Amino acid sequence: MTDMEQSLYRQVLADHDYVVRLRRHFHRHPELAKEEYETQGAIEQELDKLGIAHRRIAETGVYAEIEGTATCEGKPRCIVLRADIDALPIQQENDPEYKSLTPGKMHACGHDGHNAALIGAARILNANRHLFSGKILLTWQPGEEIGYGAQQIIESGAIDEADRSFGVHMASNVRVGSVVLMPGPNNASVDWFRIRVHGLGAHVSTPEEGVDAAYIASQIVVAAQALVTRRTNPVDNLLIGIGTIRAGTTYNVIAQEAEMEGTVRAMTPELRKQAKERLETLAKQTAEMYGGSAEAEWGDFASPLINDETATAEAQKTAISLFGEEHVIRSRRVSFAGDNFASYILRVPGAYAYIGSGNPDKPDTCVAQHNAHYDIDEDALTVAAALYVCYAVEYLNGEV
């Protein structure tokens, strides 16, 4: 570590209990996407204590700025840091002392940790404004679990002046103390779809008098997989998943209507566009073949998350200096889970770091995200806060 990193890291370590308390508060009081009013208020309260000016953004999010006071040679730089803050509609099944107090809602993806780590980072950065020039933009983003918040923040113009973007996410499948910083594709795009099939009702004994929407829907479900296995290069990453099918009203009536919901996930914008177009064409043509009709409704939840190579190399340099070469993972299997921090990177070149939060001695910290037993090893909070702080300072000072 450099002398500056050592100083900042010691301050992060000294604040560990403070960040843990914040994380446990957020864990006890989870709020779903677009409902994060108490969470928003708690963030604002902490920023008020720190004397950091802030404003509300994307309805239930928070935006703040910290400006450095060090002398700058040339044009000052600007970086935007992001944490997501929403929880999931999951009933917590394990029983830590900080268990969710809200029935049916739980922080099962680590957003409570991201939120707390960014507040902790803000506290350190604000106390060390003399160490850097330029400006740090802080964004606490709502609604990530439903593909909300990122685009709203971007469309508001709040991050237009930024030159870099940076975010973190807990990773239960990575050992605590390690960080994943991988250039290029990390996460798939996420598109939600609903396909409605329209047929014609009749008695099941006279199928020729009707158009069976349930049968058409079944054919679409099966044929959709051929778009992956027969219309896509085997080395490309594409997933089409259909999670729900609803059709019919009773056992002896041909279904007049059918509806299915699912998701398309791809690693490149080109493959994403192609897959969506082909699925919609498949649905319409299959329905027409059997005398019915179909239409598709789409929801854009996240673009592919593709880390900028330059920004990732910068963040890797900081992480290696902080945690050691052996604790920085530069390559791993891509994930079909999505994250709309991708929108930040599309607007501002940036990197997304996965912070190891799993500890085999604490089994709940190693279960998958979105599991009702999910937890984190809270030492991960120190890693996240230190990376937020040191990468921001070193980027602004042109040291990475």
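The values are calculated or read from the model by the stated rules, or taken from the named source; none is laboratory data. Since the structure is predicted, the reported quantities are computational estimates derived from the model, not experimental observations. Don't worry about glycine lacking a Cβ; one is built from the backbone with ideal geometry, like all the others, and counts go over all protein chains shown. Surface accessibility is based on the protein's heavy atoms, side chains included, excluding ligands, DNA and RNA. Shrake-Rupley method; radii C 1.70, N 1.55, O 1.52, S 1.80 Å.
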Accessible area of region 111-195 divided out per residue, in Å², using a probe of 1.4 angstrom: 24
Label-point separation, His370 to Asn252 (7 Å along Cα→Cβ), nm: 4.1
Helix 3-14 vs. the chain, principal-axis angle (Cα, 0 to 90°, nearest 10): 70
Nearest 10 degrees, 0 to 90: helix 111-127 Cα axis against the chain principal axis: 30
Three-way shape call for region 305-400 based on the alpha-carbon gyration tensor, with the a/c threshold at 1.5: oblate
Stretch gain in nm, segment Lys362-Thr206, where the contour uses 0.36 nm per residue and the Cα spacing is subtracted: 50.1 nm
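Would you mind getting the accessible area per residue of region 217-332, heavy atoms of the protein chains only, 1.4 Å probe, in Å²? Don't skip to the end; give the middle numbers.
Values: 6170 Å² over 116 residues.
Here the per-residue accessible area is 53 Å².
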Percent RCO, i.e. relative contact order, over the chain, from Cα pairs under 8 Å lying at least 6 residues apart: 24
Residue-normalised accessible area of region 339-400, expressed per residue, 1.4 Å probe, Å²: 27
Partner lysines for Lys284 [C-alpha distance under 26 Å; skip if fewer than 8 residues away on the same chain]: Lys273, Lys276
Alpha-carbon Debye profile of the chain, log10 I(q)/I(0) at 0.07, 0.08, 0.14 Å⁻¹: -0.37, -0.47, -1.17
DSSP beta bridge pairing in the chain, given as percent antiparallel to the nearest 5: 65
Residue-span extension gain [Asp300 to Thr281] - 0.36 nm each, minus C-alpha spacing: 5.0 nm
Mean residue ellipticity (222 nm) of the chain, computed from DSSP H runs ≥ 4 via -39,500 (n - 2.57), nearest 500: -11500 deg cm²/dmol
Solvent accessible area, Å² - Cys72, 1.4 Å probe, full protein context: 50
Simple spin-label estimate for Leu13 and Lys75 in nanometres, 7 Å along Cα-Cβ: 3.9
Region 8-164 - share of DSSP beta bridges that are antiparallel (%, nearest 5): 60
Heavy atoms of Lys362: accessible area, 1.4 Å probe, square angstrom to 10: 100
By accessible area with a 1.4 Å probe, ligands and nucleic acids excluded, highest first: order of Glu161, Glu59: Glu59, Glu161
Protein accessible area in the chain, 1.4 Å probe - carbon and sulfur %: 49
Furthest towards positive pole of dipole, Asn307, Phe323, Gly210, structure part region 205-323, Cβ charges: Phe323
In degrees, nearest ten, helix 269-289 long axis to first principal axis of the chain (Cα): 20
Where labels lie 7 Å past Cα in the beta-carbon direction, separation of Trp192 and Phe336 in nm: 1.9
Label zone at Ser156, where the point sits 7 Å out along the Cα-to-Cβ direction: region 335-349 residues whose backbone N lies under 15 Å: 344
Check: region 307-380 dipole with +1 on Lys, Arg Cβ and -1 on Asp, Glu Cβ, in debye: 360
Listed residue pairs exceeding 18 Å between alpha carbons, taken from Lys34/Lys105; Lys49/Lys99; Lys34/Lys135: Lys49/Lys99; Lys34/Lys135
